[in-house]
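Before any comments, here is the structure.
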Amino acid sequence: MSNSKISIRNYSLRYSDGVQALKNVSLEIHANAINVLFGPSGGGKSSLLRSINRLIDLADVDETSGQILFNGVNILDKEMPVSQLRRKIGMVFSRPIPLPKSIFENVAFGLRVAGENDPAVLHSKVEEALKQAYLWEEVYDRLDDPGISISGGQQQRLCLARVLALEPEVIMLDEPTSALDPVTTARIESFLQEIKDRITVIIAPHNMSQSARVADYATFFLQGELIEVGAGSKLFVNPQDQRTQDYVEGRFG
Amino acid sequence: MSNQSSHTATQVRKAKDGIGYTLIHIISFFTLLPVLGIIFYIVANGAPTITWDFLTSMPTDGMRAGGILPAIVGTLYLTIGTAVFSVPLGVAAGIYLAEYAPQNIWTRFIRIAIISLAGIPSVVYGLFGLGMFVLFLKLGNSILAASLTLSIMTLPTIISTTEEALRVVPERFRVVCASLGASKWQGIRKIILPEAMPGILTGVILGLERAAGETAPILFTGATFFLPHLPSSPLDATMALPYHIFVISTQVPGMPLQIQFGSVLVLLVFVLVMNLSATTIRTRARRNRQW
């Protein structure tokens, strides 16, 4: 069907406090699709997301092994230019975290640190990104207000716009709607369906129902291990592994 | 019956609470007394001396008359000189310790050194300044040597408050900056440092305030008994308010009291204004903080 965007090969991760977050994980992230990582918390989903854009560099990591290939390049390579990588692989966090700046500057931040200083370019790109995230109509007349002055749902769309402004190839979302109301959640989900044709989506939903709703491909994680992977349409209906079945049917979680 | 007794127990507890709170209020009022007392005493005795002439003219008649301009100007120069050296160095060191320093023995050694530096008596700084800057580096008794000495004394305050101000900025901002492709330094410069700035500024002002009021460190390094003119170069010695107050209180016979009180009031106002501005910056920043 679709080709692989990111290829994770025998990847293991252990933190300095001794926690083995991921054990020998091999997984293909499909291009132009919504890739769901699901499973109980502590399963390694966040650790995997943060490995793909090398945000784990900021944590106390004891050891990693294996490979994560992005467009054919091993991003775990010490020589990897991480800033460029993070521009191509954007990330949205579980809580909206606007930077302590204006709405405009929140979206412009990534562009500015990438060296874009032309005010005209910044304005058009910020506007474009806010429109893509369906936020423009609500904030166009108060772009200079602080990012935290808008509602939680708007803040999360602001965080999405901030990532979109960098025209990423991949967007990763770590429980992006866990702090949001159902209406905003639905908006964000339909938005992901819209963009997946041009941007690869990796999402770790905070509940089963969202996982089942959005998944083109789904991967079940349990205690750092990849248990089962498959097309979303099959995995939630007819899981092969007993543990996946138990989780999907709500016997634990 | 049991209801009745528990009711009484509650009343007793409330009464005890009341006594406790009253005591604490009285005690905290007592801590205010010395401050209020000093300020009232100095203002009441010094205020009549303060005239435009007193602030802007040279001392005359062996300092028994005239103004204290050279002492005021000298203290300003010393404060600015101290800021020039201690602010860049202290802030840089604070950034290093908060954001970059690895957790190892070397870093721990630096921290211990800073804490020790903060505990050294000011007269020791003065003697060190004499040996290091005045004699060894041959800067002589000068504004430059005194400023450098005061800088070393001020450094621990600035380093510690800078580090602390950076640490209270939430880690999530650093993560977000990185996730948007910012280098560590870009994140610090554009987001973390601006958020920490009010805290840093407060520390800087409090550090400089202490420098402005110190006598011992400048005693052997740059302060002079009397200067018939204003200093014209950083290599000139200078009069300074704290040392001037010491001199006119102990070294000059027949010194009119009102000049002493006036000089003390000027120093007090100088220091209090700095203190007040630090407090204002801090309060305003807390109110405007977006996290």
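Brief remarks follow.
- The string of couplings for the stretch B:157-172 from the Karplus curve (6.51, -1.76, 1.60, θ = phi - 60°) is 4, 5, 4, 5, 5, 4, 4, 4, 4, 6, 5, 7, 6, x, 4, 4 Hz, one whole number per residue in order, with x for Gly and Pro.
- Between amide H atoms placed 1.01 Å from N, distances below 5 Å from A:VAL36 occur with A:ILE203, A:ASP216, A:TYR217, A:ALA218, A:THR219, all of them 5 or more places distant or on a separate chain.
- Å² per residue, accessible surface of the stretch B:52-288 at 1.4 Å: 46
- Comparing B:THR51, B:THR31, B:THR202 in a Gaussian network model of chain B, where Cα atoms under 10 Å apart are tied by springs, the biggest mean-square fluctuation is seen for B:THR31.
- Mean partner shielding of peptide B:169-179, defined as the number of other chain Cβ atoms within 10 Å of each residue Cβ, is 6.
- For the segment A:100-113, counting C-beta atoms of other chains within 10 Å of every residue's C-beta and taking the mean gives 4.
- Against the empirical 2.2 N^0.38 Å (N residues), chain B has a Cα radius of gyration ratio of 1.29.
- Overall, the anisotropy analysis places the protein assembly as shown in the prolate class: the square-rooted eigenvalues a ≥ b ≥ c of its C-alpha gyration tensor yield a/c not less than 1.5, with a/b exceeding b/c.
- DSSP beta bridges confined to chain A are antiparallel in about 60 percent of cases.
- Among the protein heavy atoms of chain B, carbon and sulfur supply 70% of the accessible surface, probe 1.4 Å, non-protein parts ignored.
- By a 1.4 Å probe calculation restricted to protein chains, A:GLU225 has an accessible surface near 80 Å², given to the nearest 10.
- Distance between the stretch A:161-185 and the stretch B:79-93 - C-alpha centres, whole angstrom: 43
- Contact with the other protein chains removes 20 Å² or more of accessible area, compared with the isolated chain and a 1.4 Å probe, from these residues of the stretch B:253-291: B:GLN290.
- Size of the A/B contact, given as accessible area buried on both chains, probe 1.4 Å, in Å²: 1900
- Vicinal HN-Hα couplings computed from phi for the stretch B:27-44 (Karplus, 6.51 cos²θ - 1.76 cosθ + 1.60; Hz; Gly/Pro x): 5, 5, 5, 4, 5, 6, 3, x, 4, 4, x, 4, 4, 4, 4, 5, 5, 4
- Probe 1.4 Å, all protein chains present, accessible-area order of B:MET63, A:MET208, largest first: A:MET208, B:MET63
- Listed residues B:TRP291, A:TRP136, B:TRP106, B:TRP185 arranged by accessible area, highest first, probe 1.4 Å: B:TRP106, B:TRP185, B:TRP291, A:TRP136
- When the alpha-carbon atoms of chain A are used, the pair Rg, Dmax equals 18.1, 56 angstrom.
- Unsatisfied cross-links (Cα-Cα over 24 Å) in the set A:LYS5/A:LYS101; A:LYS196/B:LYS184; A:LYS131/B:LYS184; A:LYS88/B:LYS190; A:LYS88/A:LYS196: A:LYS5/A:LYS101; A:LYS196/B:LYS184; A:LYS131/B:LYS184
- Residues along the stretch B:184-201 losing 40 Å² or more of accessible surface when the other protein chains are present rather than the chain by itself (probe 1.4 Å): B:LYS190, B:ILE191
The values are calculated or read from the model by the stated rules, or taken from the named source; none is laboratory data. All values reported here derive from a predicted model rather than from experimental measurement. Positions of Cβ are backbone-derived with ideal geometry, glycine not excepted, and every protein chain shown enters the neighbour counts. Just the protein is used for accessible areas: all its heavy atoms, side chains included, with ligands, DNA and RNA removed. Shrake-Rupley method; radii C 1.70, N 1.55, O 1.52, S 1.80 Å.
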